[in-house]
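**Q** Attaching a single structure in structure tokens format; questions to follow.
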Amino acid sequence: MIRIDKGEAPNVLLTQGVDAAKELCSVYDKDQAAYHNGTKRLTFNDGIYGHQSVRDALDRSHHGKCAFCEVHIPKPYALAHVEHWRPKGSVTQEKGIKASTPGYYWLAYCWDNLLLACHFCNSSNKGVQFPLADPTRRASNHHQLVAAEAPMLLNPDAEDPSEHIEFVEEIPRGISPRGIATIKALGLDRLEHTPRDALIAKLRSDHDFIARNNADPHPELISEVARRREFYGQAGDPASPFSAMAAAFIARNPLPDPVIFPVD
Ligand SMILES: [Zn+2]
């Protein structure tokens, strides 16, 4: 996970989104008890939070990657990939605890609450979890302030995740209570994250190859070392997949200086 900057809210959220949120608040106020006991459910317009302009803005600011695990998400993005940081329809403190309704419905179309997330992080792991340091302070409707909450889940659009999560090879490790809670909620330390594992294996292989062949004057090896050195040099860039993990690996495994071979 790396810091991202989403920039300005797409217009559709400031116009249709604001109107739709007001409507949800009005509907909720007419029968509050029913929305809390689950006999009625609020409905959401995915044509607003999943509008093409919203997805394009998320795509640009996220470099096409999941906000949480940094996997590259294949296009076109499904609606499921537009993630509500505070869940819109129901919420739970952690997996295994029954979710309560109606969730953070008033933030369904709020730009600050939207991220791009992969299926692994969003659907398979996070779901409707939104852990708080003190769940008794959870805002249960739009009349209460979310500012009173202390979220345990990191928001890469609002803070630098590197202050909370570090990497040991391909495994993220929490270095603060919020880092630990975020890894747990998203399942980021689960071992079956195949693309992430493949990248760390490639970096390890490239590093060893370059170290072994750096001084070999064979022309094919010179070009192969250069090719792998270029990949290695870019793997920690924000636009690259799993860049937080790659940058940590590269910092621990620097390359030898390039050897300049004399030209005949
Ligand atoms: Zn992900």
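**Q** For Glu170, only one of the following conditions fails: (1) within 16 Å of the ligand (Cβ to nearest atom); (2) within 14 Å of the chain's Cα centre (by Cα). What is its number?
**A** (2)
**Q** Another question about this same structure. Going through segment 10-63 one residue at a time, which ones are on the phi > 0 side of the Ramachandran plot and either at pLDDT 95 or above or open to solvent by 70 Å² or more (accessible area, probe 1.4 Å) (or both)? First the steps, then the outcome.
**A** Let us first name the residues in segment 10-63 that are on the phi > 0 side of the Ramachandran plot, namely 38, 63.
His63, the sole residue that qualifies.
**Q** Still on this structure: Checking Asp189 against (1) out of contact with any strand residue (DSSP E or B) (no Cβ under 7 Å at 6 or more places or on another chain); (2) outside any helix (DSSP H, G or I); (3) within 16 Å of the ligand (Cβ to nearest atom); (4) charged (D, E, K, R): exactly one of these is not met. Which one?
**A** Tallying (1) out of contact with any strand residue (DSSP E or B) (no Cβ under 7 Å at 6 or more places or on another chain); (2) outside any helix (DSSP H, G or I); (3) within 16 Å of the ligand (Cβ to nearest atom); (4) charged (D, E, K, R), Asp189 fails exactly one: (1).
**Q** Would you say His84 is more than 24 Å from Arg178 (Cβ to Cβ) and either surrounded by 15 or more Cβ atoms within 10 Å (Cβ to Cβ) or not assigned by TED's automatic domain parsing to the domain that holds Asn155 (or both)?
**A** Values: more than 24 Å from Arg178 (Cβ to Cβ): no; either surrounded by 15 or more Cβ atoms within 10 Å (Cβ to Cβ) or not assigned by TED's automatic domain parsing to the domain that holds Asn155 (or both): yes.
So His84 fails the test.
**Q** Sticking with this structure for a sec: Please go through segment 91-103 and give me each residue that is at pLDDT 95 or above and either open to solvent by less than 20 Å² (accessible area, probe 1.4 Å) or basic (Lys, Arg) (or both), ordered by number.
**A** Val91, Thr92, Pro102, Gly103
**Q** May I pose another question? When residues of segment 112-156 are filtered for being within 16 Å of the ligand (Cβ to nearest atom), hydrophobic (A, V, I, L, M, F, W, C) and within 19 Å of Lys6 (Cβ to Cβ), how many remain?
**A** First, pick out the residues of segment 112-156 that are within 16 Å of the ligand (Cβ to nearest atom): 114-127, 129, 153-156.
Adding the requirement that they be hydrophobic (A, V, I, L, M, F, W, C) leaves 114-118, 120-121, 153-154.
If we keep only those that are within 19 Å of Lys6 (Cβ to Cβ) as well, we get 114-118, 121, 153-154.
Within segment 112-156, residues that are within 16 Å of the ligand (Cβ to nearest atom), hydrophobic (A, V, I, L, M, F, W, C) and within 19 Å of Lys6 (Cβ to Cβ) number 8.
**Q** So Ala67 fits all but one of (1) within 16 Å of the ligand (Cβ to nearest atom); (2) in a helix (DSSP H, G or I); (3) open to solvent by less than 50 Å² (accessible area, probe 1.4 Å); what number is the exception?
**A** Result: Ala67 passes all but (2).
**Q** Step by step: first the residues of segment 72-90, then only those that are charged (D, E, K, R) and within 16 Å of the ligand (Cβ to nearest atom), then the one that is modelled with the highest pLDDT. Which residue is that?
**A** Restricting attention to segment 72-90, the residues satisfying the condition of being charged (D, E, K, R) are 75, 83, 86, 88.
Subsequent filtering for residues that are within 16 Å of the ligand (Cβ to nearest atom) retains 75, 83.
Numbers: Lys75: 83, Glu83: 94.
So the residue we want is Glu83.
**Q** Step by step: first the residues of segment 26-57, then only those that are basic (Lys, Arg) and over 19 Å from the mean Cα position of the chain (by Cα), then the one that is farthest from the ligand (Cβ to nearest atom). Which residue is that? Before the answer, list the steps.
**A** The first filter runs over segment 26-57 and keeps only residues basic (Lys, Arg), leaving 30, 40-41, 55.
Now narrow it down to the ones that are over 19 Å from the mean Cα position of the chain (by Cα): 30, 40-41.
Values: Lys30: 38, Lys40: 32, Arg41: 27 Å.
Only one residue tops the list, namely Lys30.
**Q** Something else now. Within segment 191-201, which residues are out of contact with any helix residue (DSSP H, G or I) (no Cβ under 8 Å at 6 or more places or on another chain) and touching a residue at least 40 places away in the same chain (Cβ under 8 Å)?
**A** Answer for segment 191-201, where residues must be out of contact with any helix residue (DSSP H, G or I) (no Cβ under 8 Å at 6 or more places or on another chain) and touching a residue at least 40 places away in the same chain (Cβ under 8 Å): just Pro195.
**Q** So Arg60 passes all but one of these: (1) of a type outside the set (A, V, I, L, M); (2) within 20 Å of Pro161 (Cβ to Cβ); (3) assigned to a loop (DSSP other than H, G, I, E, B); (4) more than 16 Å from the ligand (Cβ to nearest atom). Which condition number does it fail?
**A** (3)
The values are calculated or read from the model by the stated rules, or taken from the named source; none is laboratory data. The structure displayed is predicted, hence computed values, not measured ones. Note that each Cβ is placed from the backbone with ideal geometry, even for glycine, and that neighbours are counted across all protein chains shown. Ligands, DNA and RNA are stripped out before the accessible areas are found, and what is left, the full protein with its side chains, is counted by its heavy atoms. Shrake-Rupley method; radii C 1.70, N 1.55, O 1.52, S 1.80 Å.
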